[in-house]
Structure formats: structure tokens, C-alpha cells
């Protein structure tokens, strides 16, 4: 994959939409390309986490056992919690189809955060959006199953 293709992928992500192209070039240069077939476990719940992935193409199911938490696709990120806090993975991630991912290691991510607050804002915005979705689902479930 060409460097410019990686930059375009990053720029299309919500996290990096406000990041200058010059900084995206630096980031794109350190991303590792990962090709995965369908039904491959990217990581399992409880695994140590020290990286995150950008989904260039394909879809990934985020799940806890048989319970699907989310299905993520093109231009989305997966594994961002572990890259922020180094805790073990909170869920498993399995490819649903052939995927091309761009892997960002934690140390490189921290170096970039030190020089660019827009990236941190983008990560926080993405996490907040996902938390709102979970809260909405929880509220819906509570309404369907009220306590007696």
C-alpha cells in the first residue's frame, strides 16, 4: 500500500479528520499492514493490549463469547481502549470477511499524542460516541425489562 493511500485512510477516519496532512504522513509511515482471512481472531478477551487497528476494508465483529457487541467496518478503529490504558482486551475481535488493517503500536501512538492534541480529541470523540450507543442500548433494555 502506498503512503498516500494510508494518509487518505487516516484522513477519512473521524479521529484524524482535523489532523494536518504532514502529521498524517509521519503516522502513516509507521503503520503496519495486516491482511486477514474471514473468521480469524484478531485478539481475544483478556489478551494483553498494546496496539490498535484501522480498518481499511472488511468487517470485524467485536464480541464477548457469542454475544455481539458491535460490527465495525471501513474507516473505523478497533482496539483503541488497550492502546490508551494498556489493560487487557475487554472483548474479542473476529474478522467477518477478508480484512486489510493498519496496525498502530502503543509507543508510536503515545509519541504522536505528545505532539498533536487533535488526535487525542478524535479518540475521545470516538469513545464518547460508542459509550452513548451503549448507554442507549442499556436504557432500551431497562425499559423492556423494568424492575419489579
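Would you mind stating whether residue 126 is part of a helix (DSSP H, G or I), closer than 21 Å to residue 55 by Cβ and touching a strand residue (DSSP E or B) at 6+ places or on another chain (Cβ under 7 Å)? So residue 126 passes the test.
Scoring residue 46 on the criteria (1) in contact with a helix residue (DSSP H, G or I) (Cβ under 6 Å, 6 or more places away or on another chain); (2) in a loop (DSSP other than H, G, I, E, B) leaves a single failure, condition (1). Restricting attention to region 78-93, the residues being within 13 Å of the chain's Cα centre (by Cα) and in a strand (DSSP E or B) number 3.
Of note, residue 14 satisfies the criterion of being under 22 Å from residue 132 (Cα atoms), at pLDDT below 85 and either surrounded by fewer than 18 Cβ atoms within 10 Å (Cβ to Cβ) or out of contact with any helix residue (DSSP H, G or I) (no Cβ under 8 Å at 6 or more places or on another chain) (or both).
Counting residues in region 58-73 that are at positive phi, assigned to a loop (DSSP other than H, G, I, E, B), over 15 Å from the mean Cα position of the chain (by Cα) and surrounded by fewer than 19 Cβ atoms within 10 Å (Cβ to Cβ) gives one or more.
The values are calculated or read from the model by the stated rules, or taken from the named source; none is laboratory data. Model, not experiment: these values are computed from the prediction. Counting neighbours? That spans all protein chains shown, and the Cβs are built from the backbone with ideal geometry, glycine included.
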